[in-house]
1. For the range 43-65, state whether one or more residues are aliphatic (A, V, I, L, M), under 16 Å from residue 125 (Cβ atoms) and in contact with a helix residue (DSSP H, G or I) (Cβ under 6 Å, 6 or more places away or on another chain).
2. How many residues does the range 114-164 hold that are assigned to a helix (DSSP H, G or I), within 19 Å of the chain's Cα centre (by Cα) and at pLDDT below 65?
3. Name the residue, out of 253, 285, that is outside any strand (DSSP E or B) and of a type in the set (Val, Ile, Thr).
4. Scan the range 213-232 for residues that are surrounded by fewer than 17 Cβ atoms within 10 Å (Cβ to Cβ), touching a helix residue (DSSP H, G or I) at 6+ places or on another chain (Cβ under 8 Å) and in contact (Cβ under 8 Å) with a residue 12 or more places away in the chain and jot them down.
5. Identify, please: which residue in the range 52-76 is surrounded by 23 or more Cβ atoms within 10 Å (Cβ to Cβ) and over 18 Å from residue 90 (Cα atoms) and is, among those, nearest to the chain's Cα centre (by Cα)?
6. Considering only residues that are surrounded by fewer than 23 Cβ atoms within 10 Å (Cβ to Cβ) and within 16 Å of residue 231 (Cα to Cα), which ones fall in the range 95-106?
7. May I ask you to list the residues in the range 114-143 that are out of contact with any strand residue (DSSP E or B) (no Cβ under 7 Å at 6 or more places or on another chain) and farther than 21 Å from residue 244 by Cβ?
8. Being surrounded by fewer than 17 Cβ atoms within 10 Å (Cβ to Cβ), small (Gly, Ala, Ser) and not in a helix (DSSP H, G or I), is that true of even one residue in the range 301-309?
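The values are calculated or read from the model by the stated rules, or taken from the named source; none is laboratory data. Just so you know, these numbers come straight off a predicted model, no measurement behind them. Cβ atoms come from the backbone with ideal geometry, glycine included; neighbour counts cover every protein chain shown.
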Amino acid sequence: MRVINKIIPIPRFDKTRFAIVRPHLTRGFEFVPEVARERWGVDWNINSEGFRDYEHKLAKEKFRILGLGDSFLVGHEVSFENTFLRQLERKLKVEIVKMAVTNYGTIQEYLLCEEVGQKYKPDIVFLGVYVGNDREDNAGFPYGVCIEEGMFVKCADKSYLSVRIARFLAKHSLFARFLLQQFHKYLPKASIQNIPHDSNNKESLFKNMNKPGLIYKKQWDEYFNRGYELLEENILKLNESTAEQKSKLVVVIIPTEIQIYDWMWNEYMKEYSLDESEYDRYKVINLLSDFLKENKIRYINLLSSFKKLLKLI
């Protein structure tokens, strides 16, 4: 069999999705501790706690912030030194314990703070909320994301199912393996980060859109409403927990691209032939801002900051 494998090797299926995650009993999944590998062209080093960060002592030597969030705060496509939390740490000259985890929603971030974060006794708990998918992550927890062979997989992802079938056939059938080697269209396509970006290409332009036509609708369905309810519920729980620990919660609202760029919003409405009277691209940001104000929770709305920055460009 080894000789055959050398003659017709098993195709190398796309494993760039992750290969550094594992199941977790309460939070669904976590990064595998003490793993180092290249990801998106940059080095990833996971510390002994299971986070993309250096090691931290429990004893506090300076002002300490605990950073919670998803891939935006993990900093997927940049080096560790260029991640948002690392740059903020250098700018403020404080210590930031970085506990962001890809694909986490507010439920998991609250659990993570309770299970791991509080032992670091932070002065501030910094929660990043990405309005593009945090509601969906909450509504789908714990069944929205599965782990297979160290990769994130949407539990009902049909496209990934085809990869699994192709991998099985390649492993157990020489004929199938030969065909897969000859016809590359049966192999997984290049990952998004390896596809050149073309602003004139609609497929490229909207590659990062979450649920086209749904997250910006004035009327949400039951799934999105439930996801938003869980967002508020877990922010309140996190706020109460941090107050008990003599700490303060700061929420950072992270907008989507088309909430920032007017031209992109116009192209989006045109591309999907949507009736603009049925949509409100700022609804979730306005609701969340009002909720945080009412509950006297400190927050930073990055949408207004990005809008101001655009006027200076």
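1. no
2. Result for the range 114-164: 1.
3. Among 253, 285, only 285 is outside any strand (DSSP E or B) and of a type in the set (Val, Ile, Thr).
4. Answer for the range 213-232, where residues must be surrounded by fewer than 17 Cβ atoms within 10 Å (Cβ to Cβ), touching a helix residue (DSSP H, G or I) at 6+ places or on another chain (Cβ under 8 Å) and in contact (Cβ under 8 Å) with a residue 12 or more places away in the chain: 217, 218, 219, 223, 226, 232.
5. Going through the qualifying residues, I end up with 70.
6. If the condition is that a residue be surrounded by fewer than 23 Cβ atoms within 10 Å (Cβ to Cβ) and within 16 Å of residue 231 (Cα to Cα), then 103 is the only one that fits.
7. Correct list: 132, 133, 134, 135, 136, 137, 138, 139, 140, 143.
8. No.
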